[in-house]
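Structure first, commentary second.
The values are calculated or read from the model by the stated rules, or taken from the named source; none is laboratory data. What you see is a predicted model, and the numbers here were worked out from it, not measured in a lab. In this analysis, Cβ positions are derived from the backbone assuming ideal geometry, glycine residues included, and neighbour counts consider all displayed protein chains. Protein only, heavy atoms only, side chains kept; ligands, DNA and RNA dropped before computing areas. Shrake-Rupley method; radii C 1.70, N 1.55, O 1.52, S 1.80 Å.
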Amino acid sequence: MDVVVVALGLGFYPKLLALCFDEEFAELRGVPVKLYYLLLLCLTALTVVLLVRVVGIVLVIALLTLPAAVAGHFARQLWQMMALAVVCCMVFVTTGIAVSYPWDLPSGPVIILIAGAAYLLVTFHTWLRMRRSM
């Protein structure tokens, strides 16, 4: 299912980007806005369902936002942020499962702790870099 979500996101990226930024302009350009809006809702629903299976219902929002927040520090364009967020999420999930397995810890909270620590490190590093440049 992950591959399906990523493939559809990549395949319809220009249309989804136009829909997200300016729905009226996309409609004027002949994009079937309602169809792509429905596709976007379905992709979001599939992502949430997949995340519930991985980390549990409570931690879904954290795993949706933390990788994007980390990627936002490094990306200059939206597609770069999307790609980097996917890679970050894969790293967080893999590392969280690898860390939780030997000590018999629940994997969902460990994944979120790793993602949160990565976000704090990146934010602190950005803050230090801005402070030094002043």
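At 25 °C and 0.890 mPa s, grab the translational diffusion coefficient of the chain from Stokes-Einstein with a Kirkwood Rh over Cα pairs, rounded to a whole number in µm² per second.
Numbers: Rh = 16.5 Å.
The Stokes-Einstein estimate is 149 µm²/s.
Using alpha carbons only, how many degrees (0 to 90, rounded to 10) separate the axis of helix 107-133 from the longest principal axis of the chain?
Here the helix axis deviates by roughly 90 degrees.
Over all directions, the average projected area of the alpha-carbon convex hull for the range 69-134 comes to how many nm²? Present the calculation step by step, with values, prior to reporting the outcome.
Working: hull surface 19.7 nm².
About 4.9 nm², averaged over all directions.
So how tilted is helix 2-11 from the main axis of the chain? Cα-based, degrees 0 to 90, rounded to 10.
40 degrees
Solvent-accessible area of Y36, probe 1.4 Å, all protein chains present, reported in Å² to the nearest ten, please.
Estimated to the nearest 10 Å², Y36 gives 30 Å².
Relative to the longest principal axis of the C-alpha atoms of the chain, give the angle of the C-alpha long axis of helix 60-72, reported between 0 and 90° and rounded to the nearest 10°.
Here the helix axis deviates by roughly 90 degrees.
Along the Cα-to-Cβ line of V54, 7 Å from the Cα, sits a label point; which residues in the range 13-48 have backbone N less than 11 Å from it?
Answer for this model: 47-48.
Got a number for carbon plus sulfur as a percent of the chain's accessible area, 1.4 Å probe? Mind showing how you got there, number by number?
Details: 6820 of 9510 Å².
Answer for the chain: carbon and sulfur cover 72 percent of the accessible area.
Rolling a 1.4 angstrom probe over the protein heavy atoms, how many square angstrom per residue are accessible across the chain? Numbers along the way, then the final one.
Details: 9510 Å² over 134 residues.
Accessible surface, normalised per residue, equals 71 Å².
Whats the longest run of the chain with zero trypsin sites (Lys or Arg not before Pro) that are DSSP loop and have at most 14 other Cβ atoms within 10 Å?
77-134
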